[in-house]
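Asker: Below: one structure in structure tokens.
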Amino acid sequence: MRLKSKVLIIAGSDSSGGAGIQADIKTVTSLGSYAMTAITAVTAQNTTGVKSITPIRPKEISNQIEYSAKDIRPHAIKIGMLHSKQVILAVNKSLNKLKIKKIILDPVMVAKGGAKLIKPAAISFIKNILMKKVLLITPNIPEAEILSGVKIRSSKDMIHAGKKLVKLGAKNILIKGGHLKSKMMIDILINKKSVKEFRSKKYNSKNTHGTGCTLSSAITTHLSCGKDLIKSCELGIKYVNDAIKTNTNLGKGNGPINHLNSIILNKKFK
Ligand SMILES: Nc1ncnc2c1ncn2[C@@H]1O[C@H](COP(=O)(O)OP(=O)(O)OP(=O)(O)O)[C@@H](O)[C@H]1O
Ligand SMILES: [Mg+2]
């Protein structure tokens, strides 16, 4: 298989391998592209929860971004966990230097088990600086509520929150429906011109650790290969849905999904 594109991931490390940088690398790789990373924090976690978080110095994060991208220029960038104002400002400065158009921001705030992954004071910097800069932002329902100030209980509320974020300067918002009480899974893409609803099968599974990181990385990979935004979201959702369906039930808590669902191993390596 020939490499389809190059993607830079700016995010936190998940020692259990199911979310964060690890999920991002697996996703980009299994979809045929080349993954580079800038690690923003190191977390010690497993499927039952987060034990500790060690932040990486902002200067070191900038070095990783700028030095990697200077040598191998990425077609697109995915941003995940940014835990403090200083980190957000450093990442923003580096992005200004790179001038890459396809940037996708997953505004990670809380882990599945409830651990806070961002300092409250940093949220306004996500909203006022990064949200307006990126091509797409992919909040889950609690994150969309915090960013928009709209309480979300239905798909109508998701659209209302998304439209509010457009008014605040966001270009495209994909609000993820994983936290919504609904029969089908509903993710909604909102921008100035249109509202596009994606419906998929909802699985009654505890193994959904890293679905959000995986989705934003899959969308970034498809965008990096030249697909349009709607197609990239559609294919990203399909990849996550199939990865939940084929999960291998690892760990005692919220286990990982199956990132390998898109790969067929070459015979000569078996
Ligand atoms: N039980 C499920 N069945 C099918 N799809 C799901 C399920 N849970 C989540 N998804 C899908 O996974 C993607 C991520 O949504 P979710 O709302 O879980 O993000 P998140 O809360 O950011 O995840 P994370 O906890 O990994 O940060 C969406 O496309 C959503 O539709
Ligand atoms: Mg998330």
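Asker: Set Lys and Arg Cβ to +1 and Asp and Glu Cβ to -1, take the dipole of the range 65-180 about its Cα centre, and tell me which of Ser84, Pro120, Ala161 lies farthest positive.
Answerer: Going by the Cα projections, it comes out as Ala161.
Asker: Follow-up question, since we're still on this one. Which value, to two decimals, describes the C-alpha radius of gyration of the chain once divided by 2.2 N^0.38 Å?
Answerer: So the Cα radius of gyration is 0.93 times the expected 2.2 N^0.38 Å.
Asker: Now a separate question. What FRET efficiency, computed as 1/(1 + (r/R0)^6) with R0 = 51 Å and r the Cβ-Cβ distance, is obtained for Lys59 and Lys183, rounded to the nearest 0.05?
Answerer: Working from the Cβ atoms, E equals 0.60.
Asker: If you place +1 on the Cβ of every Lys and Arg and -1 on the Cβ of every Asp and Glu, how big does the dipole about the Cα centre of the range 152-270 come out, in debye to the nearest 20?
Answerer: My answer is approximately 160 debye.
Asker: Can you give the Rg to Rh ratio of the range 163-270, both from alpha-carbon atoms, with Rh computed by the Kirkwood formula?
Answerer: Ratio of gyration radius to Kirkwood radius for the range 163-270: 1.02.
Asker: By its C-alpha gyration tensor, with a ≥ b ≥ c as the square roots of the eigenvalues, how is the range 73-232 shaped: rounded for a/c under 1.5, else prolate for a/b larger than b/c, else oblate?
Answerer: rounded
Asker: Okay, next question. Antiparallel versus total DSSP beta bridges in the range 34-188: what percent is that, nearest 5?
Answerer: 55
Asker: Reachable aspartates and glutamates from Lys167, Cα under 18 Å, same-chain residues fewer than 8 places away excluded?
Answerer: Glu143, Glu145, Asp157
Asker: Please build a GNM for the chain, connecting alpha carbons under 10 Å apart, and tell me which residue among Ala161, Ala243, Ala122 fluctuates the most.
Answerer: Of Ala161, Ala243, Ala122, the Gaussian network model singles out Ala122 as fluctuating most.
Asker: Which of Thr221, Thr40, Thr29 moves the most in a Gaussian network model of the chain with Cα springs under 10 Å?
Answerer: Result for the chain, Cα springs under 10 Å: Thr29 fluctuates most.
Asker: Rounded, prolate or oblate: which fits the range 15-80 when a ≥ b ≥ c are the square roots of the eigenvalues of the alpha-carbon gyration tensor, with rounded for a/c under 1.5 and prolate only if a/b beats b/c?
Answerer: Here the range 15-80 falls in the oblate category.
Asker: Determine, for Phe269, Phe125, the number of other Cβ atoms within 10 Å of each Cβ, and report the residues in order from fewest to most.
Answerer: Fewest-to-most ranking of Phe269, Phe125: Phe269, Phe125.
Asker: On a 21 Å Cα-Cα criterion, which of the cross-link pairs Lys133/Lys193; Lys26/Lys245; Lys26/Lys270; Lys97/Lys231; Lys93/Lys163; Lys163/Lys196 come out too long?
Answerer: Pairs exceeding 21 Å: Lys97/Lys231; Lys93/Lys163.
Asker: In nm, to one decimal, how far is the modelled label at Ile100 from the one at Arg73, with both set 7 Å along Cα→Cβ?
Answerer: 1.2
Asker: Further, regarding this structure: Using the Cα centre of the range 203-258 as the reference point, and only Cβ charges (+1 on K/R, -1 on D/E), how large is the resulting charge dipole? Debye, rounded to the nearest 20.
Answerer: 160
Asker: Oh, and also: What is the extension gain from Ile264 to Thr48, computed as 0.36 nm multiplied by their sequence separation minus the C-alpha to C-alpha distance, in nm to one decimal?
Answerer: Result for the pair: 74.7 nm of gain on full extension.
Asker: Label the range 227-268 by shape, choosing from rounded, prolate and oblate, from the square roots a ≥ b ≥ c of the eigenvalues of the Cα gyration tensor; if a/c is under 1.5 it is rounded, and otherwise prolate applies when a/b is larger than b/c, oblate when it is not.
Answerer: In terms of gyration-tensor shape, oblate.
Asker: Considering the convex hull of the alpha carbon atoms of the range 129-178, report its projected area averaged over all viewing directions, in nm², one decimal.
Answerer: Averaged projected hull area, Cα only: 2.9 nm².
Asker: Could you list, bin by bin from short to long, the percent of Cα-Cα pairs of the range 26-157 in 10 Å steps?
Answerer: Calculated over all Cα pairs of the range 26-157, the distribution is 11, 40, 37, 12, 1 percent.
Asker: Roughly how many debye, to the nearest 20, is the charge dipole of the chain about its Cα centre, given +1 on each Lys and Arg Cβ, -1 on each Asp and Glu Cβ, and no other charges?
Answerer: Magnitude of the dipole: close to 540 debye.
Each reported figure results from applying straightforward, stated rules to the coordinates on display, with no laboratory input. Quick caveat, the model's predicted, so the values are computed rather than measured. Positions of Cβ are backbone-derived with ideal geometry, glycine not excepted, and every protein chain shown enters the neighbour counts.
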